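A.B. asks: Pasting a structure here, questions to come.
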Amino acid sequence: MKISVCIPVYNFNVRKLVYDLKKEIENHEIDAEIILIDDASSENFRQINSELQDRVDQFILLEKNIGRSRIRNLFLDFTQGDYLLFLDCDGKIISPNFLKNYIDFLDKNSNISVVYGGRKVSDLPPSEKHILRWKFAIERENLPLEKRKAKPYLSFQTNNFLIKKTVFEKFKFNANLHKYGYEDLIFSMDLKSAKIAVMHIDNLVYNDDVEVGNVYLRKVEESVESLLLMLNNKNLSAKLSEIKLMKAYESANKKGLKFPVLILFYFFEKFLKKNLLSVNPNLKYLDLYKLGLMFRKSK
């Protein structure tokens with residue numbers, strides 16, 4: 001069984017991640033390859049990562065950014081493994097047996113096609129300007145294993161997952177999704193519709209590259225725009241029913257609350273943003289902020 005480690009790279013120094021993976025591959029004599037595809041990073045980061053050209057099996061440089069979905073699909077053209085292991089470029093390996101943990105799980109569960117390993121951030125709060133993104137990761141993203149198992153498809157993320165190549169060839173990421181947000185959910189819902197199980201294990205990747213609050217709120221706005229685009233697509237809208245924000249949006253619409261919500265958002269938007277960018281952001285206010293954006297940007 002061969003594993004292809006697939007790392008999409010964009011404006012990040014990926015050397016430490018690659019060298020840690022190579023060390024484990026060599027120490028445990030693992031049958032694995034490392035493939036990097038750079039999604040049109042700036043020249044500075046291309047120079048930083050250029051030393052990896054001769055250290056990995058393939059390093060593909062794209063001249064035009066193609067986005068989070070299409071770049072993952074592109075790995076199918078370059079990989080030789082039976083399984084593809086996708087890792088975000090800003091992740092850090094925290095176990096010397098990271099790859100081996102996946103292999104051992106597959107050895108005991110040969111019928112499994114998709115495995116998500118999980119993620120974590122620092123237990124200590126970062127500087128004030130990073131608090132919002134850190135708190136969201138702690139409370140909403142980095143769930144313990146048992147909670148992930150309870151909702152395996154909703155808990156799936158793309159930062160650290162393994163998938164059988166023959167399955168990925170049939171169920172790719174939706175190439176029409178260009179904006180940030182929810183491409184992992186659509187992918188997992190496609191797996192759910194096909195009754196392909198998503199298994200969860202504790203094989204965490206560490207991530208401390210949390211955005212500052214203003215940058216994260218811009219990403220939140222982009223993710224809302226993505227959600228609205230999907231809502232207007234008949235093939236995608238049915239896959240959004242389990243999203244908490246989607247449920248709140250549809251419920252408010254059915255009750256005729258669009259204009260009251262818009263009026264309230266007009267008066268309280270600054271208050272919500274002030275709280276979210278404070279030292280003690282309230283994630284319930286983030287939910288209200290997203291809902292307000294949904295109505296403002298909806299047609």
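The values are calculated or read from the model by the stated rules, or taken from the named source; none is laboratory data. Only a predicted model underlies this, so the values are computations on that prediction, with no experimental measurement involved. All Cβ positions, even for glycine, are placed from backbone atoms using ideal geometry, and neighbour counts span all protein chains on display.
A.B. asks: For the list (1) more than 16 Å from I243 (Cβ to Cβ); (2) touching a strand residue (DSSP E or B) at 6+ places or on another chain (Cβ under 7 Å); (3) surrounded by 18 or more Cβ atoms within 10 Å (Cβ to Cβ), I need the number of the one condition that Y206 fails.
C.D. replies: Here Y206 meets the rest and fails (3).
A.B. asks: Using beta carbons and a limit of 7 Å, which pairs, at least six apart or on different chains, have the first residue in the stretch 14-37 and closer than 15 Å to L87 by Cα and the second one surrounded by fewer than 18 Cβ atoms within 10 Å (Cβ to Cβ) and among the polar types (S, T, N, Q)?
C.D. replies: Close Cβ pairs satisfying both conditions: E33/Q80; I35/Q58.
A.B. asks: For S69, work out the one condition from (1) at pLDDT below 95; (2) surrounded by fewer than 20 Cβ atoms within 10 Å (Cβ to Cβ); (3) not aliphatic (A, V, I, L, M) it doesn't fulfil.
C.D. replies: Here S69 meets the rest and fails (2).
A.B. asks: I want to confirm something. Restricting to the stretch 111-138 and keeping residues that are under 22 Å from L99 (Cα atoms) and more than 19 Å from the chain's Cα centre (by Cα), which single residue is surrounded by the fewest Cβ atoms within 10 Å (Cβ to Cβ)?
C.D. replies: Here the residue is N111.
A.B. asks: Identify all residues within the stretch 172-195 that are crowded, with 18+ Cβ neighbours inside 10 Å and not in a helix (DSSP H, G or I); write none if there are none.
C.D. replies: F173, N174, L177, K179, G181, Y182
A.B. asks: Can V215 be described as under 24 Å from E250 (Cα atoms), under 17 Å from the mean Cα position of the chain (by Cα), β-branched (V, I, T) and not in a loop (DSSP other than H, G, I, E, B)?
C.D. replies: On the way: under 24 Å from E250 (Cα atoms): no; under 17 Å from the mean Cα position of the chain (by Cα): yes; β-branched (V, I, T): yes; not in a loop (DSSP other than H, G, I, E, B): yes.
Criteria not met by V215.
A.B. asks: Continuing with this model, one more query. Where the second residue is surrounded by fewer than 21 Cβ atoms within 10 Å (Cβ to Cβ) and charged (D, E, K, R) and the first is at positive phi and lies in the stretch 105-133, which pairs have Cβ atoms under 8 Å and are six or more apart or on separate chains?
C.D. replies: G118/D202
A.B. asks: Return yes when P126 is assigned to a loop (DSSP other than H, G, I, E, B), closer than 30 Å to Y289 by Cα and either assigned by TED's automatic domain parsing to the domain that holds N159 or not small (G, A, S) (or both) and no when it is not. Before the answer, list the steps.
C.D. replies: Values: assigned to a loop (DSSP other than H, G, I, E, B): yes; closer than 30 Å to Y289 by Cα: yes; either assigned by TED's automatic domain parsing to the domain that holds N159 or not small (G, A, S) (or both): yes.
Against the criterion (assigned to a loop (DSSP other than H, G, I, E, B), closer than 30 Å to Y289 by Cα and either assigned by TED's automatic domain parsing to the domain that holds N159 or not small (G, A, S) (or both)), P126 qualifies.
A.B. asks: Right, another one. Out of L262, L272, L277, report the one residue that is within 18 Å of L228 (Cβ to Cβ) and either surrounded by 15 or more Cβ atoms within 10 Å (Cβ to Cβ) or out of contact with any Leu (no Cβ under 9 Å at 6 or more places or on another chain) (or both).
C.D. replies: Details: L272 fails: within 18 Å of L228 (Cβ to Cβ); L277 fails: within 18 Å of L228 (Cβ to Cβ).
Exactly one of L262, L272, L277 is within 18 Å of L228 (Cβ to Cβ) and either surrounded by 15 or more Cβ atoms within 10 Å (Cβ to Cβ) or out of contact with any Leu (no Cβ under 9 Å at 6 or more places or on another chain) (or both), namely L262.
A.B. asks: Can you list the helices (runs of 4 or more DSSP H) lying wholly within the stretch 10-90 that have 3 or more residues being over 20 Å from V114 (Cα atoms)?
C.D. replies: Values: elements: 15-27, 43-49, 68-74.
Fully inside the stretch 10-90 and qualifying: 15-27, 43-49.
A.B. asks: Looking at (1) at pLDDT 95 or above; (2) closer than 25 Å to K195 by Cα; (3) in contact with a helix residue (DSSP H, G or I) (Cβ under 9 Å, 6 or more places away or on another chain); (4) buried (at least 18 other Cβ atoms within 10 Å of the Cβ), which is the only condition Y102 fails?
C.D. replies: (3)
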